[in-house]
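**Q** I have a structure here, written as structure tokens, and I will follow up with some questions on it.
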Amino acid sequence: MTLNPRRAEDPTVAVALVVIAVLTVAALVVAPIVLDAANKDVWDLVIKVAGAAVVLIGSYFAARTLKQSRADQRDARILTAIGLVGNEHPEVRIGALLALGELAKNTGGPGRDDYLAAIRATVQAVADSPMPDGASAAPKQVAAHVVSGLPTH
């Protein structure tokens, strides 16, 4: 399973951010030389452009961090639910199976097929596993129900 695959356009975005930073520095250094240094309007424009560049760069990295945090949280939820499927208490197993079913329905983006394959294999293993003597059949029935409701792709 591929956890949090990197987007292909990340290098392009990084190059664009470097270009914006270089142009901002150039504007701060070249503007006083080329333009009238005493003109307050010119300095206001340079400061506004530099501020806008800083805001854009900051917004990009904030969005990227938020996206990564959400992906990390999704990974943790899936791994926790998979771990709870093996619990000895049938109630916990049922809850984990239902949680995996919901996570499968709500998982999107890059790596979705890998997540669905892992969830499907885990839930199918419970549905196909033999029941120990005296064990509740409920987890097996819930697993069969969850497998039937899993997205195909």
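No value in this document is a laboratory result; all are computed from the given coordinates. Keep in mind that this is a model prediction, so the values were computed, not measured.
**Q** Using θ = phi - 60° and the Karplus form 6.51 cos²θ - 1.76 cosθ + 1.60, what ³J(HN,Hα) does each residue of region 16-23 get, whole Hz, x for Gly and Pro?
**A** 4, 5, 5, 4, 4, 5, 5, 5
**Q** If you don't mind, another one. Straight-line reach only, C-alpha to C-alpha below 29 angstrom: list the lysines that Lys67 could link to, leaving out same-chain residues fewer than 8 apart.
**A** Lys48, Lys105
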